[in-house]
Amino acid sequence: MPEPKQTRGHFPLGGKEPRFERVERSFEEFIRTKGLKLTSQRRRILKKVFTAHHHFTADEVHEMFRRSRDRISRATVYRTLSLLVEGGFLDILDLGQDRKYYEHVLGHEHHDHIICLQCNKIVEFQEPRIEELQERVVEEHGFHITYHSLRLFGHCADCHQKLDGKAPQRPPH
């Protein structure tokens, strides 16, 4: 019998209060353990990233605030995103060369990523056969996995056509 699909993140999804309010409360509890407070700026950043349903960069978040004339410094955005990753509220795709993309994990089922090295297009996918194979490999080696991340790098169809015989770009790691 297949196991139920899991959601990611370190916050409870049950209860009667609306989801975002639970996330906000959980984030506040998390940062208090670090001796910090949920400032109005952190709260606005949290709300902004949890309304985004795509991968985004820290600079894109900062730009959204700048365009709306909401004064939140770039440093505050970066520090808050770091806290959200550390607390398990956001996932980060570090593509090297200072290219980091974030996504919130509220209600997202586990998925993997295909990433274009040219245009940074990110495609999410789920493949049960890959998951089953990983589970067998882990079991064969006696591991107990907490989480995993599969990232496949290449070129999307559009960029592959544009490269037309040029040497493919290699990831920096």
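Coordinate-derived values only; no laboratory data. Being a predicted model, the structure only gives us computed values, none of them experimental. We place every Cβ from the backbone using ideal geometry, glycine too, and count neighbours over all the protein chains shown.
Some observations on this one:
- Residue check for Leu46: assigned to a helix (DSSP H, G or I), surrounded by 12 or more Cβ atoms within 10 Å (Cβ to Cβ) and in contact with a Leu (Cβ under 6 Å, 6 or more places away or on another chain): no
- If the condition is being surrounded by fewer than 17 Cβ atoms within 10 Å (Cβ to Cβ) and within 17 Å of His155 (Cβ to Cβ), then the range 94-117 contributes Gly96, Gln97, Arg99, Ile114.
Matching residues to (1) part of a helix (DSSP H, G or I); (2) without any contact (Cβ under 8 Å) to a residue 40 or more places away in the chain; (3) under 30 Å from Lys162 (Cα atoms):
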| position | (1), (2), (3) |
| --- | --- |
| Met64 | yes, yes, no |
| Gly96 | no, no, yes |
| Tyr102 | no, no, yes |
| Val123 | no, yes, yes |
| Phe143 | no, yes, no |
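- Lys121 passes every criterion in (1) over 12 Å from the mean Cα position of the chain (by Cα); (2) under 25 Å from Phe20 (Cα atoms); (3) surrounded by 13 or more Cβ atoms within 10 Å (Cβ to Cβ) apart from (2).
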